[in-house]
Amino acid sequence: MAIFAVFSLSACAVFLMSVFAVFHYTANNKLEFTMAEYLSYVWRWAIVNDCLAFVDYYLSAYGPTIRIATRNRHWLVALKKQIMDLSNGNLDSIDVCKFSDTKCSETINELILIKGINCSVSCVTAKDLFRQTNFIWVQDESGIETILGLIDGLIVSDQSGHQYLTNEGDGYLIELSYNE
């Protein structure tokens, strides 16, 4: 009975510390904190542990954000290779949601990266289909080279971090997170 009580107190303390940490973080970026945000955060971590990568959509402090989260370095290397094939013309497009043991939240149907010709800016558009969204992400050659460099930075450092693959104003911000 005493062991159960100590375990329960420890679990409660960890929960309260994590709620405080999330509240402290969001308080710097948002005006309010909700339990739904915390539960969403915990849920995303559980999903990422169940597959090689997880794609989620949420409203961040920087606007609408698509977050690609992985804890697997080999998945990053494979994604980089696919994007290189797109850049070289060996592929027409890449659907990140159907890529190598990747799961998407139930609100995302597909996230397709296309190499744009004579496209001067990155653009991410969305089409809502019965509560599932198809995202089309168009990049020019220069943008694809930038993305490859950002992914390579995560691979080479092999440390926790994230990179923004698009900019604010591109429609949707796309964040690639590694071990976070």
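The values are calculated or read from the model by the stated rules, or taken from the named source; none is laboratory data. No experiment lies behind these values; they were computed from the predicted model shown. In this analysis, Cβ positions are derived from the backbone assuming ideal geometry, glycine residues included, and neighbour counts consider all displayed protein chains.
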Completion exercise
Considering residues that are touching a Lys or Arg at 6+ places or on another chain (Cβ under 7 Å) and on the phi > 0 side of the Ramachandran plot, the number found within the stretch 147-180 is 2
Problem - Qualifying residue in the stretch 118-141 (condition: under 17 Å from ILE174 (Cα atoms), at pLDDT 85 or above and in contact with a His (Cβ under 9 Å, 6 or more places away or on another chain)) - result: no
Practice task
Working only within the stretch 161-180, note down all residues that are surrounded by 15 or more Cβ atoms within 10 Å (Cβ to Cβ) and not in a loop (DSSP other than H, G, I, E, B).
Solution key: HIS162, GLN163, LEU173, ILE174, GLU175, LEU176, SER177, TYR178
Exercise for the section: Filter the stretch 133-160 for residues that are exposed (fewer than 14 other Cβ atoms within 10 Å of the Cβ) and farther than 21 Å from LEU86 by Cα and give the result. Expected result: VAL156, SER157, ASP158, GLN159, SER160
Practice task
Go through the stretch 72-98 and give me each residue that's touching a residue at least 40 places away in the same chain (Cβ under 8 Å) and either surrounded by fewer than 16 Cβ atoms within 10 Å (Cβ to Cβ) or within 19 Å of HIS162 (Cα to Cα) (or both).
Solution key: ARG73, LEU76, VAL77, LEU79, LYS80, ILE83, MET84, VAL96, CYS97
